[in-house]
1. So in the stretch 93-117, with the set limited to residues that are of a type in the set (A, V, I, L, M, F, W, C) and surrounded by 14 or more Cβ atoms within 10 Å (Cβ to Cβ), which one is nearest to E73 (Cα to Cα)?
2. Just to be sure, is E38 assigned to a strand (DSSP E or B) and open to solvent by 30 Å² or more (accessible area, probe 1.4 Å)?
3. For the stretch 65-92, which residues satisfy the criterion of being free of Cβ contacts under 8 Å to residues at least 12 places away in the same chain and surrounded by 14 or more Cβ atoms within 10 Å (Cβ to Cβ)?
4. Of the numbered conditions (1) within 12 Å of S115 (Cα to Cα); (2) outside any helix (DSSP H, G or I), I19 fails exactly one; give the number of that condition.
5. Could you give me the residue pairs with C-beta distances under 9 Å whose first residue belongs to the stretch 100-126 and is closer than 16 Å to L37 by Cα and at pLDDT below 90, whose second residue is in a loop (DSSP other than H, G, I, E, B) and not aliphatic (A, V, I, L, M) wherever it lies, and which are 6+ apart or on separate chains?
Amino acid sequence: MKKNDELTRLGRIRRSRKIIEMGLKYYDIKINKLSFLEEATNVFYKLIDQDGKKYAVKVYQEINSNMDDALVEMHFLKLIGSETEIEVPNPIKNFDGEYITYFDTPYDDVKKRVSVFEWLSGKDLDGNEEIDHFYEVGKIMA
């Protein structure tokens, strides 16, 4: 079986779906619909559960980040969400109380990382960014 970094883009997307299905065993979420959103530095899917609640699911690609990066991301999301008026994705804890689910799969020698977020509705920020938001995030990061 090919390693993740040997797959085509379509192969990574398909593999990510299987990884998400495995990772969701660590959450109290039952899939009704799972649809591909984007492959950027990571792979994102939109999930609708059996009750109609929406989530974003992220599969981290090891070539682009490590666990420390992911933990810092979660820390900043929680800080920005609690200390500013900026709407950010709210991460969901798994059964172990962690925001990042880290587990073995049969697809690679490397453990996989998955995060689940409450769905954040609204308009796409691309081209609609506000300088005040960058200032607020900069203060938190400093």
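1. Only one residue tops the list, namely I100.
2. So E38 passes the test.
3. Result: E73, G81.
4. Only one criterion is unmet by I19, namely (2).
5. Listed pairs, sorted by first residue: L120/E87; L120/P89; L120/N90; G122/E87.
The values are calculated or read from the model by the stated rules, or taken from the named source; none is laboratory data. Small disclaimer: the values here were computed from a predicted structure and weren't measured. Cβ: placed from backbone, ideal geometry, glycine included. Neighbour counts: every protein chain shown. Just the protein is used for accessible areas: all its heavy atoms, side chains included, with ligands, DNA and RNA removed. Shrake-Rupley method; radii C 1.70, N 1.55, O 1.52, S 1.80 Å.
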